[in-house]
Amino acid sequence: MRKIIIAGNWKLNKKPKETVAFVEDIWKGLEEREPACEVIVCPPFISAPVAAASAEGTAIRVGTQNIFWEDEGAFTGEVSGPMIKDAGCSHAIIGHSERRQYFGETNETVKRRIEAALRNDLVPIFCLGETLEEREDGKTSEVVETQLREGLGDLRPHNPERFVLAYEPVWAIGTGKTATPEQAQEVHAFLREQLGKLLGTNFAENVRILYGGSMKPNNAKALTSRPDIDGGLIGGASLKVDDFIGIIAESCTEH
Ligand code: PGA
């Protein structure tokens, strides 16, 4: 049984002051439902500490959208694992396609960030996915397998509860084009198989693999009811309380 995770990636949205009320509103929507899933919000760095303070005592967990690979030192502008941890966060998104596309993220830097998250007892949410061109060229499996293998490098995380993978086809992010549940399930099953080869079948069977890319309340159930889709990483729809709660309401059954 893998517990569903619904994680909101706020991207470059929500200032610290808006964050307080927003987290409170999510909790109001969740409290009475007692959802059988893990709920995570990932604000921008500057809003993460207030999100964590607002979420204290609730079932909401807070993550960041990145993490630097060194813990301290002369690295102007960076934010490290110990800082993220000290701010009350528990997760860090790593290798999001927007970071790969706009900020020069590579499989090698992804690996260093995953290592930093694990070292600091933070749960990495490791993102990967193919572009439209790669899918049309029939290269989806090859691309995600390389991202997975190189992103892990020589790392051998052993606790599947403290590691999350997110499959986010680039062509589905923010475009309104969702992968069909069949397309997503196929890649998720493939990734689980690859994880089995790299980290063992126990790890692969227990790790959560989230889908990301235009997930909304009206398609969440069809996706998360697939056997290998263990939740969602939600961008646009995580910015509206009703949509985010709606996705949780549709998705949160154990499978
Ligand atoms: P989207 O973004 O839900 O807006 O498509 C998902 C993501 O980029 O994590």
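The values are calculated or read from the model by the stated rules, or taken from the named source; none is laboratory data. All of these numbers come straight from a predicted model, not from anything done at the bench. Every residue, glycine as well, gets a Cβ built from its backbone with ideal geometry; the counts of neighbours run over all protein chains shown. All accessible areas refer to the heavy atoms of the entire protein, side chains included, with ligands and DNA or RNA removed. Shrake-Rupley method; radii C 1.70, N 1.55, O 1.52, S 1.80 Å.
Considering (1) in contact with a Phe, Trp or Tyr (Cβ under 9 Å, 6 or more places away or on another chain); (2) open to solvent by 60 Å² or more (accessible area, probe 1.4 Å), say which one residue 186 fails and leave the rest.
For residue 186, the failing item is (1).
Identify the residue in the range 204-217 that is within 16 Å of residue 252 (Cβ to Cβ) and more than 14 Å from the chain's Cα centre (by Cα) and, among all such residues, is least open to solvent (accessible area, probe 1.4 Å).
Among those that are within 16 Å of residue 252 (Cβ to Cβ) and more than 14 Å from the chain's Cα centre (by Cα), it is 217.
Enumerate the pairs (first residue in the range 2-18 and under 11 Å from residue 41 (Cβ atoms); second residue anywhere and assigned to a strand (DSSP E or B) and away from the ligand (no atom under 14 Å from the Cβ)) with beta-carbon separation below 7 Å, excluding pairs fewer than 6 apart on the same chain, so at least 6 apart or on different chains.
What qualifies is 6/37; 6/39.
Quick check on the range 218-247: of everything there that is aliphatic (A, V, I, L, M) and crowded, with 24+ Cβ neighbours inside 10 Å, which residue is farthest from the ligand (Cβ to nearest atom)?
Selected residue: 229.
One line per residue, one yes/no per condition, for (1) in contact (Cβ under 8 Å) with a residue 60 or more places away in the chain; (2) within 16 Å of the ligand (Cβ to nearest atom):
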site: 129; (1), (2): yes, yes
site: 149; (1), (2): no, no
site: 176; (1), (2): no, yes
site: 185; (1), (2): no, no
site: 189; (1), (2): no, no
site: 192; (1), (2): no, no
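Would you confirm, using the coordinates I've provided, whether residue 125 is touching a His at 6+ places or on another chain (Cβ under 9 Å), assigned to a strand (DSSP E or B) and among the aliphatic types (A, V, I, L, M)?
It is true that residue 125 is touching a His at 6+ places or on another chain (Cβ under 9 Å), assigned to a strand (DSSP E or B) and among the aliphatic types (A, V, I, L, M).
Looking at the range 87-146 only, could you name the residues that are among the charged types (D, E, K, R), open to solvent by less than 60 Å² (accessible area, probe 1.4 Å) and either at pLDDT below 95 or over 20 Å from residue 213 (Cα atoms) (or both)?
Listed by number, the residues that qualify are 111, 113.
Assigned to a helix (DSSP H, G or I), in contact with a Cys (Cβ under 6 Å, 6 or more places away or on another chain) and more than 16 Å from the ligand (Cβ to nearest atom) - does that describe any residue in the range 50-61?
Yes, the range 50-61 has at least one match.
Could you tell me which residue of the range 26-75 is least open to solvent (accessible area, probe 1.4 Å), considering only residues that are of a type in the set (D, E, K, R) and touching a helix residue (DSSP H, G or I) at 6+ places or on another chain (Cβ under 9 Å)?
Step one: list which residues in the range 26-75 are of a type in the set (D, E, K, R), which gives 28, 31-34, 38, 56, 61, 70-72.
Next, from what is left, pick out any that are touching a helix residue (DSSP H, G or I) at 6+ places or on another chain (Cβ under 9 Å): 28, 33, 61, 70-72.
Details: 28: 126, 33: 122, 61: 109, 70: 70, 71: 49, 72: 150 Å².
Only one residue tops the list, namely 71.
Which residue is farthest from the ligand (Cβ to nearest atom), if the candidates are limited to the range 152-170 and must be open to solvent by less than 30 Å² (accessible area, probe 1.4 Å) and under 22 Å from residue 8 (Cα atoms)?
160
Out of (1) modelled with pLDDT of 95 or more; (2) of a type in the set (Asp, Glu); (3) open to solvent by 10 Å² or more (accessible area, probe 1.4 Å), what's the single condition that is false for residue 254?
With respect to (1) modelled with pLDDT of 95 or more; (2) of a type in the set (Asp, Glu); (3) open to solvent by 10 Å² or more (accessible area, probe 1.4 Å), residue 254 is out only on (1).
As an exercise: evaluate residue 197 against (1) more than 16 Å from the ligand (Cβ to nearest atom); (2) open to solvent by less than 30 Å² (accessible area, probe 1.4 Å) and give the number of the one condition it does not meet.
(2)
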